[in-house]
Each structure stands twice: as structure tokens, then as C-alpha cells.
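The values are calculated or read from the model by the stated rules, or taken from the named source; none is laboratory data. Because the structure is predicted, anything quoted here is derived from the model rather than measured. Note that each Cβ is placed from the backbone with ideal geometry, even for glycine, and that neighbours are counted across all protein chains shown.
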Amino acid sequence: MALSLQRPLMSDYTFENIYDLSPEQLQSLDDAEAAMLRADFGKAEEILLQMLAEEEECIPVLNNLAHLMGRHFSDFEKAVEIYDKVLELEADNAWARDARRRYLRYVDRD
């Protein structure tokens with residue numbers, strides 16, 4: 001069986017594209033997640049920040065960046081700040097709400 005290096009098509013994703021992300025955005029998210037899996041956190045951050053520069057209210061990018069900040073950089077304050085922004089944009093986002101609660105334990109907020 002030959003290994004295909006071809007990028008996935010929109011129809012190859014097993015999730016509903018509820019945020020109407022472009023194929024380029026989906027590929028960039030895949031690239032950022034692959035960088036995280038390789039422990040290339042600087043590259044993942046670079047990709048996500050570039051995506052935010054193009055669309056600052058992109059929920060999937062914000063969620064991934066907050067995850068990167070909290071889980072891999074241990075910058076819990078930044079993670080909470082980003083999750084706060086997600087929840088401003090999408091109050092019923094359970095992922096952001098749960099992750100924010102987890103990181104709030106490590107943040108001293110007055």
C-alpha cells in the first residue's frame with residue numbers, strides 16, 4: 001500500500017465544517033496540530049498567530065491557541081484570556097468553558 005502525501009479534500013474530513021473554514025484554513029489548522037504533535041510548539045504558535053492576523057475571531061484557531069498556551073507553554077493566564085474571548089464570541093462553547101475552568105485553577109485573579 002502506497003502512502004499518499006496528498007492534502008485532504010474538504011470531503012475527507014470527518015467533521016461538519018460549522019465555522020465555514022476555507023480549505024486553506026483547515027490545512028493550516030492541520031499543520032498547527034501536526035506541529036504540536038511533533039512538539040514543535042513555536043511553529044504551531046506561528047501558524048495559529050498568522051491565522052489570527054487574517055481572521056481574529058476564528059473560534060477554532062482561538063481554541064487551538066488557548067490549548068497551546070495552557071497545555072504546552074503553561075501560560076495559564078494567556079490561555080484563560082483567549083478562552084474568555086472565545087466565550088465572548090460563542091457563549092455556549094462547552095470546550096472553551098471547560099478548558100477555561102481547568103486553567104483558572106492556576107491563575108490568581110483578583
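Computed quantities for the displayed model
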| read-out | value |
| --- | --- |
| Cβ pairs under 9 Å, 6+ apart, first in the range 50-65 and touching a residue at least 24 places away in the same chain (Cβ under 8 Å) and on the phi < 0 side of the Ramachandran plot, second of a type in the set (D, E, K, R) and not in a helix (DSSP H, G or I) | Ile59/Glu90; Val61/Glu55; Leu62/Glu56 |
| Cβ pairs under 8 Å, 6+ apart, first in the range 87-109 and free of Cβ contacts under 8 Å to residues at least 24 places away in the same chain, second part of a loop (DSSP other than H, G, I, E, B) and of a type outside the set (A, V, I, L, M, F, W, C) | Leu87/Asn93 |
| Single condition Glu56 does not satisfy, out of (1) at pLDDT 95 or above; (2) among the acidic types (Asp, Glu); (3) more than 22 Å from Tyr19 (Cβ to Cβ) | (3) |
